[in-house]
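Before any comments, here is the structure.
The values are calculated or read from the model by the stated rules, or taken from the named source; none is laboratory data. Note that the structure is a prediction, hence the values are computed from the model and not measured. Quick reminder, even Gly has a Cβ in these numbers, built from the backbone with ideal geometry, and neighbours come from all protein chains shown. The protein model used for the area step is the full one, side chains on, heavy atoms only, and it has no ligands, DNA or RNA in it. Shrake-Rupley method; radii C 1.70, N 1.55, O 1.52, S 1.80 Å.
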Amino acid sequence: MVRVVFLSENDGAIIQTSGLTKKYGDFAAVDGVDLSIKPGEIFGLLGPNGAGKTTLISMLCTTVMPSSGSASINSFDVVARPGDVRRNIGIVFQEQSLDDRLTGRENLELHATLYGLDAATASQRIASVLDLVELKDKADALVRTYSGGMRRRLEIGRGLVHYPKVLFLDEPTIGLDPQTREHIWAYVKDLAKREQITILMTTHYMEEAEMLCTRIAIIDHGKIIALGTPDELKSMLGGETVVLKLRDADTPAVREKVQATFPDAKLFDGSMVLSVKAAEKEISGVLEQARSAGIDVLETSMHRPTLNDVFLKLTGREIRDEKAGTADAMRAFGRMHRH
Amino acid sequence: MTMKNEVMGVYAVWLREFKRFYRDRGNLLGSVARPLMWFLIIGGGLGAAGQQATGGFSYFTFIAPGIIGMTVLFTSLFQGVSVIWDREFGFLKEMLVAPISRVSIVIGKALGGATSSLLQSLLIIGVAYAVGVTMPIAGALAMLPLIVVISVGFTALGLTIASFMDTMEGFNVIMNFIVMPMFLLSGALFPIAATGGLMATAVYLDPMTYGVEALRYAAIGVSSVSPVVSLAVVFAFTAAMSVVATVAFSRRK
Ligand SMILES: Nc1ncnc2c1ncn2[C@@H]1O[C@H](COP(=O)(O)OP(=O)(O)O)[C@@H](O)[C@H]1O
Ligand SMILES: [Mg+2]
């Protein structure tokens with residue numbers, strides 16, 4: 001009876017939250033989050049610092065008690081069945097969680113033992129992750145002698161030693177160089193597919209999220225403010241744009257010509273920004289029209305909205321703590337030379 | 001299957017404690033140097049100050065079980081309290097999300113504390129013989145199981161304290177108001193029969209008193225408290241602290 005309710009409620013979801021909330025005093029770090037993530041998804045959580053991503057993950061990992069609402073992993077309630085939840089998950093923490101008095105290999109072995117791997121499986125997996133995170137040579141040195149980047153890589157490797165049903169990655173690749181990030185993600189993606197691991201990840205790198213995630217939720221002030229596939233989110237910004245830098249764009253004559261020829265165009269800082277469906281296909285037509293209208297084009301560029309733009313539009317902030325909202329209109333609309 | 005995982009979990013937690021213990025060379029050296037100092041300074045000084053009611057044994061021999069008790073108390077409490085460090089440096093999270101019960105973590109920690117206490121006690125027994133303590137080998141051996149039981153109790157006490165402390169800030173308070181009084185009142189350094197009044201009350205309220213009494217009885221066959229009572233209190237304390245520690249450690253925020 002209960003089981004039927006469970007199944008219909010979960011609708012095949014492996015991660016399910018409903019009204020999930022965490023309050024610290026009056027402050028809601030996570031505020032009524034509803035999520036339903038299907039097996040095999042690589043689901044991204046994007047949000048500025050302090051948005052509540054880590055708190056949300058901590059509740060799903062049973063280390064933080066929800067104030068209200070509910071959550072389940074593989075149908076196990078995080079409050080009622082924490083032990084069963086922990087048997088289904090793995091996590092790479094945002095913050096350091098290694099024992100620095102042990103060697104890298106010992107940290108991995110400890111993890112394998114905690115997760116009940118047999119010796120043969122453990123040594124094979126450990127060798128494989130040490131290879132992945134390029135710590136083979138340093139595996140037998142104490143972690144306290146490691147650099148920050150080495151520690152981060154070891155943390156990632158440790159999270160990949162046992163194969164959980166659900167893997168949480170809380171800004172795992174922060175601070176690593178692009179090449180390392182790239183091959184770690186390739187490995188993770190492959191592993192997830194092969195072992196049918198569902199991934200819930202947060203990252204500061206928008207390109208990573210865009211490349212990897214089947215769906216993305218944008219979270220701000222503890223609330224989910226947008227959710228969809230990367231394409232769906234980007235289409236919120238009205239598709240692609242063609243940006244033409246014009247000669248004498250500020251003169252009334254040119255303004256008039258632009259208005260007459262492209263009624264939907266906007267003028268910013270000497271450039272004309274035109275929303276189109278497919279920039280690459282339409283740009284030659286646009287240029288043709290401009291030429292016949294006598295509009296002098298100095299430079300052209302096309303722009304596809306990135307998740308960064310979506311993020312900026314929804315939260316008014318850049319995801320990294322860069323200063324937001326500068327006068328540079330090109331930043332919002334026409335990041336140059338992107339495809 | 002699950003049981004096997006829990007046993008492996010206990011082993012993993014224990015092994016980590018053990019590795020950290022034996023890698024800490026400074027601590028190991030201290031565990032020999034400190035009792036040696038106690039023997040030479042306190043033992044030498046007080047012993048010279050006059051023959052006391054030490055049951056006919058030399059003062060060195062009298063305080064040897066006390067110094068072992070002290071070491072067990074300090075080592076175990078610190079090992080329990082070290083969970084605060086685990087939390088501060090983040091490693092606690094790795095244990096808390098692992099698929100093993102909180103009980104297994106507590107047991108692993110307690111066995112870790114007991115192992116460290118046992119190894120240090122063996123070193124001190126060596127030091128004791130070296131400075132001329134006359135204690136039968138059988139007596140020294142009889143202390144070992146007691147050391148394990150006492151140590152589990154105090155590691156559990158340390159864990160309980162750590163469960164209620166979020167940072168290391170309260171650490172000195174614990175040292176000054178829990179550990180030191182427990183040690184000083186325990187009769188490790190003096191015969192408790194000689195105390196009276198309020199002091200005596202405090203002595204008999206200190207759980208460590210019974211640990212020291214039991215150790216001394218095991219080692220040299222003398223005690224002020226009946227060994228049956230001492231043993232009963234030692235076991236009761238360890239059992240109660242184990243339950244309290246497990247409950248305290250399993251609380252979630
Ligand atoms: N234990 C805590 N006590 C009080 N406030 C907290 C606690 N943990 C997190 N917060 C607050 O909750 C908010 C969300 O934090 P966090 O989940 O770490 O955000 P994110 O991971 O998105 O950067 C932040 O404002 C943070 O200060
Ligand atoms: Mg975070």
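Distance distribution P(r), chain A, all Cα-Cα pairs, bin width 20 angstrom from 0: 27, 47, 22, 4 percent. List the aspartates and glutamates whose alpha-carbon lies under 14 Å from that of residue A:193, not counting same-chain residues fewer than 8 positions away? Correct list for residue A:193: A:41. All C-alpha to C-alpha distances of region B:3-250, sorted into 5 Å bins beginning at zero, yield P(r) values of 1, 7, 14, 18, 19, 16, 11, 7, 4, 2, 1, 0 percent in whole numbers.
Which value in Å does the Kirkwood hydrodynamic radius of the protein assembly as shown take, with 1/r averaged over all unlike C-alpha pairs and then inverted? Its Kirkwood hydrodynamic radius stands at 28.2 Å. Comparing mean-square fluctuations of B:28, B:198, B:122 from a GNM of chain B with C-alpha springs under 10 Å, the top value falls on B:198. Relative contact order, whole percent, for chain A stands at 18, derived from Cα pairs under 8 Å and 6 or more residues apart. Once the Cα atoms of helix B:227-250 and of chain B are each reduced to a long axis, what angle between those two axes, in degrees from 0 to 90 to the nearest 10, is obtained? The helix B:227-250 is inclined about 20 degrees to chain B. Rounded to the nearest 0.05, the FRET efficiency derived from the C-beta distance between residue B:37 and residue B:247 at R0 = 45 Å is 0.75.
Just so you know, the averaged projected area of the alpha carbon convex hull for region A:162-285 sits at 11.6 nm².
Under the Kirkwood approximation for Rh and a Cα-based Rg, what ratio Rg/Rh is obtained for region A:238-304?
0.92
Rounded to the nearest 10 degrees, the angle from helix B:59-81 to the longest Cα principal axis of chain B is 10 degrees. Taking A:156, A:216, A:174 in turn, the Gaussian network model of chain A (Cα-Cα springs below 10 Å) assigns the largest fluctuation to A:174. For residue A:266, the lysines whose Cα comes closer than 19 Å to its Cα, not counting residues fewer than 8 places off in the same chain, are A:245, A:257, A:277, A:313.
Sort A:298-311, B:227-240, A:49-62 by packing, meaning the average of other beta carbons within 10 Å per residue, with the highest value first.
Working: A:298-311: 19.1, B:227-240: 16.7, A:49-62: 22.5.
In descending order of packing, they fall as A:49-62, A:298-311, B:227-240.
Against the main long axis of the alpha-carbon atoms of chain B, helix B:2-23 sits at an angle near 50°.
What is the pair-distance distribution P(r) of region B:157-253, computed from all Cα-Cα distances in 5 Å bins starting at 0, with each bin given as a whole percent? In whole percents, the pair-distance histogram is 2, 13, 19, 20, 18, 13, 9, 5, 1, 0. With both bridge residues required to lie in chain A, what share of the DSSP beta bridges run antiparallel, to the nearest 5%? That works out to approximately 65 percent antiparallel. If you find the alpha carbon centre of region B:10-36 and of region A:10-29, how far apart are they in angstrom? Their Cα centres are 42 Å away from one another.
Using just its DSSP H runs of length 4 or more, each adding -39500 (n - 2.57), the protein assembly as shown gives a mean residue ellipticity at 222 nm of -16500 deg cm²/dmol after division by all residues. Average accessible surface for region B:3-250: 40 Å² per residue, computed with a 1.4 Å probe over protein heavy atoms with every protein chain in place.
From the alpha carbon centroid of region A:31-95 to that of region A:228-272 is 42 Å.
Full extension of the chain between residue A:207 and residue A:289 gives 26.1 nm of extra length, using 0.36 nm per residue less the Cα-Cα distance. Comparing B:137, B:68, B:84 in a Gaussian network model of chain B (Cα springs below 10 Å), the most mobile by mean-square fluctuation is B:137. Sparsely packed loop sites in region A:227-263 (the trypsin sites (Lys or Arg not before Pro) outside DSSP H, G, I, E and B with at most 12 other Cβ atoms within 10 Å) comprise A:247.
Loop-located GluC sites (Glu not before Pro) across region A:82-151 with a Cβ neighbour count of 12 or fewer within 10 Å are A:95, with loop assigned by DSSP.
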